[in-house]
Structure formats: structure tokens, C-alpha cells
Amino acid sequence: MKLSLAVLGSGAGSNMQSIVDAIESGELDAEIKIVVADNPGAKILERAERHGIESMYLDCSPWKTKLEGRAEDELIGMLKERGVDVVVLAGFMRIVKPKLLSAFPNRVLNIHPALLPAFPGIESWKQALDYGCKVAGVTVHFVDAGTDSGPIIVQKAVPVLEDDTPQSLHARIQTEEHKAYPEALRIIASGAFKIEGRRVRIGI
Ligand code: GRF
């Protein structure tokens, strides 16, 4: 089934770019209906414009760390008007609340730069490095009411190298992120998966 996506971000938009590239190369049967950023200067908006994708800044004030109230209602309305069926969080630095989740049940996805459940929260690549992990990675998961806690769709691991800095490790993880999000969306588009408790069973 062809997916109608909305991508929400706050920053560079490299994950959005990887999804655009997968669509344009025919590897993913989807269309990005709209890109929304909570920061007017976010590069993700420029990238969307370059690809002729509708993009907009959503003023989420007075909240600094969550999407709630007027902005949440406005967003849900816009996504429904455009027939969006999957909401893709790609570097969106806000907590999404139950109203958005119940408007798109089991259809809000997030990417987190760690092998969850290890290292939820911010700068998780740095947390993994400081902890002394030998392996780090990325997780794409369904979003639930918790933080970085929903059922896992795809994970990819990378080694932590002896001379890694937070930046070099993050860059290695990002290379895998750019494969993981298109892969997760292909699974959703295939419809061949079941959520059973915490397990996302793929291919059935
Ligand atoms: C990525 O590292 C993602 O895992 C995290 O935020 C970053 C977003 O990067 N949630 P980009 O804006 O997609 O380049």
C-alpha cells in the first residue's frame, strides 16, 4: 500500500532526506504530503522545498518541550486534511502527547540513535560512548505514551571504535539511520506485520 507520510523535525533533516531518496529511487512506495518543523530556521524545511514538498513551521509555544494544545490540534487537522496515514518523527525534539497518538493509532514512528532500551533521552550516542559500550546503534520504533519506549520495528548496530569521539560515533550511527528509516517504512507499507505486546512480528 502506498503510504501518505508527514515528517516532523527540528533540525538538519538528513533522515527526511533518506526517505525522499528511497521514494525517488523507487525503493519505497510512499509520498511525503507535508514536512513540519517546530523551528522556523530548521534545514529540514529547506530540504523539503528543494524537493517540492509542502513544508511549514508550526509555532508550538508556549510549550518548549512538548506538542500540546492549540499547535497539536492544528497539526492533527492539517494531517487529516491531507490524508496522512503515518507520522514520521525525524529529529523532532518534542514529546508528542496522547491526542496525536490516538489520532494515528500505531502509526507514529520515531528514530532514536541508540539500541533501545539502552540510552533513551538526549545525546544517546554520547551516553553509549561514556558508558564504555563496544556496540552502539539506532532504533526505529512505534511511539507510545512513554519516552523512546514503543515497540521496536528495526534496529541496526555499529561498532564503537577505540578513537571514537561523540561526533565520529554519531556520524557512524547516522549512516545506519539513513538505511533504518526507509526499511521500517517499507515494513509498514507492506502491511505484513503484527504488533503483539512489545513485539513487532514482521513478514506475517
Ligand atoms: C538523529 O540522530 C535522530 O536519530 C535523532 O535526531 C537526529 C535527527 O537528525 N532523533 P536529522 O535531522 O534527521 O539529520
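What to note about this one:
- The alpha carbon gyration tensor of the stretch 42-81 gives principal lengths a ≥ b ≥ c with a/c of 1.5 or higher and a/b no greater than b/c, which makes the shape oblate.
- Here's the list of aspartates and glutamates a cross-link from K134 could span, going by alpha-carbon distance under 20 Å and ignoring same-chain residues fewer than 8 apart: E123, E162, D163, D164, E176, E177.
- Rounded D (µm²/s) - the stretch 1-57, Kirkwood Rh over Cα pairs, Stokes-Einstein at 37 °C, 0.692 mPa s: 296 µm²/s
- Computed helical MRE - 222 nm, the chain, DSSP H runs ≥ 4 contributing -39500 (n - 2.57), nearest 500: -10500 deg cm²/dmol
- Cβ-placed point charges (K, R +1; D, E -1), dipole of the stretch 55-112 about Cα centre in debye, nearest 20: 160 debye
- Seen from a random direction on average, the alpha-carbon convex hull of the stretch 1-105 projects onto 6.1 square nanometres.
- Our note on the geometry: Cα centres of the stretch 97-113 and the stretch 74-89, 11 Å apart.
- Remark on L3: its backbone amide H falls under 5 Å from those of A30, E31, a criterion applied only to residues 5 or more positions apart or on other chains, H modelled at 1.01 Å from N.
- Evaluated over the chain, the Cα radius of gyration and Dmax, each in Å: 16.3, 50
- Taking all protein chains together and rolling a 1.4 Å probe, V20 ends up with roughly 10 Å² accessible.
- With a Förster radius of 35 Å applied to the beta-carbon distance between W63 and S190, the computed FRET efficiency rounds to 0.45.
- Dimensions (Å) - the stretch 111-204, Cα atoms, principal axes, largest first: 42, 25, 17
- Here the stretch 14-104 exposes an accessible surface that is 51 percent carbon and sulfur, computed with a 1.4 Å probe and the other protein chains kept in place.
- Greater than 30 Å apart at Cα, pairs in K80/K179; K43/K156; K33/K97: none
- The accessible area of S25, taken with all protein chains in place and a 1.4 Å probe, comes to roughly 70 Å².
- Here's the picture: charge each Lys and Arg Cβ at +1 and each Asp and Glu Cβ at -1 in the stretch 1-105, and of L8, P105, I95 the one pushed furthest to the positive end of that dipole is I95.
The values are calculated or read from the model by the stated rules, or taken from the named source; none is laboratory data. Predicted model only: the values in this text are computed from it and were never measured. All Cβ positions, even for glycine, are placed from backbone atoms using ideal geometry, and neighbour counts span all protein chains on display. These area figures cover heavy atoms from the full protein model, side chains too; ligands, DNA and RNA do not enter into them. Shrake-Rupley method; radii C 1.70, N 1.55, O 1.52, S 1.80 Å.
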